[in-house]
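We did not get these values from a lab; they are worked out from the coordinates using the rules stated. Since we're looking at a predicted model, the values are computed, not measured. Using ideal geometry, Cβ is built from the backbone for each residue, glycine included, and neighbour counts are taken over all protein chains shown.
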Amino acid sequence: MQDPLISILIPFKNTETFISDCLVSITNQTYTNWELLIVDDNSTDSSFNIANTFAKKDSRITLLKNSGNGIIDALQLAFKSSSGTFITRMDSDDLMRPNKLEILSNNLIQYGKGHIATGLVNYFSAEGIKSGYKNYEEWLNSLTKKGTNFSEIYKECVIPSPCWMINREDLIACNAFNPKRYPEDYDLAFRFYKKGLKCIPCNTVLHDWRDYSYRTSRTDDHYAENHFIPLKLDYFLELDYISEKTLVVWGAGAKGKFIAKSLIEKDIVFEWICDNPKKIGKDIYGKILKPFSYLEDINNMQSIITVANQVEQKGIRDYMNKLNLKPIFDYVFFC
């Protein structure tokens with residue numbers, strides 16, 4: 001079989017410090033049948049000129065200017081301009097391992113349509129990686145190794161935004177980048193999940209994910225926490241909420257309160273529990289908070305768990321396993 005054309009989509013804005021290394025990592029790929037659609041999202045530094053230099057030297061690179069504003073508009077333009085059988089996204093401040101395109105495309109060819117190829121990621125930073133990002137990397141890679149990414153989709157984004165590849169027809173079936181909802185990578189992961197696509201297991205680090213203080217995901221309001229919880233809740237209620245079960249919200253912190261208030265506004269009946277003795281028995285939004293022991297009185301429950309402490313999460317998982325309860329169907333972690 002002839003190597004299928006891979007379209008690489010890159011939106012970029014003011015990444016002059018990193019974009020050259022990114023583009024070199026692409027041109028050094030062992031897999032050579034690719035096209036790069038790189039879209040300048042109104043940069044004010046020299047990153048456009050740097051990208052233009054690469055485009056002039058390599059006919060596989062097409063440099064475009066975003067006619068709109070923001071990452072989603074740039075991705076829409078890049079995808080519209082692409083023609084590859086396989087589609088992948090890349091960030092202009094990251095690095096591809098030399099065999100990234102080769103491994104992802106080989107996995108897609110082997111498994112066929114209806115699948116997403118992903119790879120392990122490695123966070124790196126000149127200032128060193130903080131524990132939160134390292135924990136996220138380890139958690140994400142543990143799922144990718146087994147191809148079980150969607151089993152914890154309500155916890156965090158389970159598809160690394162710059163390290164996936166998909167058949168063009170499957171991406172179109174998921175409505176590509178058309179819904180203008182942020183965070184766009186998490187929204188797309190949910191649409192992959194909604195469509196029933198399956199993640200292909202991978203044991204190889206394929207992507208070096210750069211962290212720095214002024215990265216878009218750290219500074220842009222679109223990626224603030226108040227965008228993540230509504231996204232999760234909306235998809236949960238659409239895709240996995242079972243009205244025949246008793247819905248239980250665990251935790252009364254900021255996330256738990258937001259979810260409780262949202263459910264009340266949507267007229268969805270639920271029970272609310274927590275382990276904070278100062279909150280148990282209190283009336284919040286017209287709901288009386290109950291202790292965890294109240295769970296013993298509930299049959300056929302489905303839980304939204306907002307408890308963030310890792311030790312407590314492990315205890316909750318052990319409790320659920322003891323009761324033979326299943327992720328998604330019986331409980332979801334929202335943090």
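Tabulated data
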| read-out | value |
| --- | --- |
| Near-label residues of the range 231-253 by backbone N, under 13 Å of a point 7 Å along Cα→Cβ of V269 | 243-248 |
| Ratio of the Cα radius of gyration of the range 184-335 to 2.2 N^0.38 Å, where N counts its residues | 1.16 |
| Within the chain, helix-based [θ] at 222 nm, where runs of 4 or more DSSP H residues each add -39,500 (n - 2.57), nearest 500 | -10500 deg cm²/dmol |
| At R0 = 41 Å, FRET efficiency that the Cβ-Cβ distance of T85 and K145 yields, to 0.05 | 0.95 |
| Using alpha-carbon coordinates, inclination of helix 310-322 to the longest axis of the chain, degrees | 70 degrees |
| Paired Rg and Dmax values of the chain, which use every Cα atom, in angstrom | 21.6, 69 |
| 18 Å reach of a label modelled at V311, 7 Å along Cα-to-Cβ, counting backbone N of the range 282-301 | none |
| Most mobile listed residue (D91, D45, D283) in the chain, GNM with C-alpha springs under 10 Å | D283 |
| Most mobile listed residue (K278, K65, K80) in the chain, GNM with C-alpha springs under 10 Å | K278 |
| Mean separation of Cα contacts under 8 Å (6+ apart) over length of the chain, as relative contact order % | 16 percent |
| Fluctuation leader among L120, L239, L231 - the chain, Gaussian network, Cα springs under 10 angstrom | L239 |
| Estimated distance in nm for a label pair at T53 and I242, the labels positioned 7 Å out from Cα along Cα-to-Cβ | 5.9 nm |
| Extension gain (nm, one decimal) between I298 and T62, 0.36 nm per residue minus Cα-Cα | 79.1 nm |
| Helix axis angle, 47-57 relative to the chain longest principal axis, alpha carbon, degrees | 50 degrees |
| Cα-Cα over 30 Å, subset of K261/K314; K245/K278; K180/K326; K13/K314; K194/K326 | K180/K326; K13/K314 |
| With Cα atoms, 0 to 90° folded angle of helix 254-265 axis to the chain main axis | 80 degrees |
| Karplus (6.51, -1.76, 1.60) ³J(HN,Hα), θ = phi - 60°, over the range 104-116, in Hz, Gly and Pro reported as x | 4, 5, 4, 5, 5, 4, 5, 8, x, 4, x, 10, 10 |
| Bridge type composition, the chain - antiparallel percent by DSSP, nearest 5 | 20 percent |
| Efficiency of FRET from Cβ geometry, N42 and K257, R₀ 35 Å, rounded to 0.05 | 0.40 |
